[in-house]
Every structure is written in C-alpha cells, then in structure tokens.
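The next block holds one structure in the form of structure tokens; read it before the comments.
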Amino acid sequence: MSIAQINPAYLLAQKNDLIQEAKGQDLKLTSPVLGESFKGYLNDAVKAVNTQQIDSQKLKVAYAEADPNVSLSNVMIQMQKAQVSLTALVTVRNKVVDGYKTLMNMSV
C-alpha cells in the first residue's frame, strides 16, 4: 500500500470511533465522506463543552452541600476538564475567525 492510497478522512473517522468506543458511548459514524459538515462538528463540540461545564457546576454544588458521594478531588478534576475543553473550544474558534479574516482579505 502506498502513501497515496491512505485516506486521512477515513483514518480520522476510525480514530474518533475508537475513542468513543473506549468511552463506552454509542458509536457514531464521523466520516466526512458521509456528509457531516463543519457546522455539525462545531455544534457537537459546543454541546460537549456545555455538558462538561454543567457537570462541573453540579459537582461543585453537591460538594458544597456536603454530599458524601462527592469528593474534592472529583470536583477539581471535573473543573479542570471543563476548563481545558472550554480553552480548546475558544482556541478553535479564534483560529476559524483568523482563517475567515485571511480569506476575506485575499484579493481576487
């Protein structure tokens, strides 16, 4: 098999499917060949970040109410996960905006 025969989109879809399988979630075909749009990927990412932020807030409230099933370490880990995912989303958004500005400034 030569390098020219390797389809990067297929490899990316396989990687994402393996990650989802490892997390125990339902598998969802993520191949761009099947018609998934960038808007869909971005929308899914925003929803995932929102879910992590909500989970983090729920854990903080549960810990503040002295729930015996919630430890401080779990709260801190969830807060860090939420912060990292939000930072990554903001970085992607900034790169998309920069790319859009670059395209708009190109002369035709």
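I'd like to check something: does the range 69-78 contain any residue that is exposed (fewer than 13 other Cβ atoms within 10 Å of the Cβ), over 20 Å from the mean Cα position of the chain (by Cα), over 25 Å from K47 (Cα atoms) and of a type in the set (G, A, S)? There is at least one residue in the range 69-78 that is exposed (fewer than 13 other Cβ atoms within 10 Å of the Cβ), over 20 Å from the mean Cα position of the chain (by Cα), over 25 Å from K47 (Cα atoms) and of a type in the set (G, A, S).
Every residue, every condition in (1) at pLDDT 95 or above; (2) under 30 Å from N7 (Cβ atoms); (3) among the aliphatic types (A, V, I, L, M); (4) not assigned by TED's automatic domain parsing to the domain that holds P8, yes or no:
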site	(1), (2), (3), (4)
E21	no, yes, no, no
D26	no, yes, no, no
D44	no, yes, no, yes
A48	no, yes, yes, yes
Q52	no, no, no, yes
N74	no, no, no, yes
I77	no, no, yes, yes
G99	no, yes, no, yes
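Does any residue of the range 38-58 turn out to be more than 23 Å from N16 (Cβ to Cβ), in contact (Cβ under 8 Å) with a residue 12 or more places away in the chain and out of contact with any Cys (no Cβ under 7 Å at 6 or more places or on another chain)? Among the residues of the range 38-58, at least one is more than 23 Å from N16 (Cβ to Cβ), in contact (Cβ under 8 Å) with a residue 12 or more places away in the chain and out of contact with any Cys (no Cβ under 7 Å at 6 or more places or on another chain), which makes the answer yes.
Okay, residues lined up against (1) modelled with pLDDT of 70 or more; (2) in a helix (DSSP H, G or I); (3) of a type in the set (S, T, N, Q); (4) under 16 Å from the mean Cα position of the chain (by Cα):
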{"site": "K15", "(1), (2), (3), (4)": "yes, yes, no, yes"}
{"site": "L18", "(1), (2), (3), (4)": "yes, yes, no, yes"}
{"site": "T30", "(1), (2), (3), (4)": "no, no, yes, yes"}
{"site": "E36", "(1), (2), (3), (4)": "no, no, no, yes"}
{"site": "G40", "(1), (2), (3), (4)": "yes, yes, no, yes"}
{"site": "V61", "(1), (2), (3), (4)": "yes, yes, no, no"}
{"site": "D67", "(1), (2), (3), (4)": "yes, no, no, no"}
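The values are calculated or read from the model by the stated rules, or taken from the named source; none is laboratory data. Just so we're clear, the structure is a prediction, and the values are computed from it rather than from any experiment. All Cβ positions, even for glycine, are placed from backbone atoms using ideal geometry, and neighbour counts span all protein chains on display.
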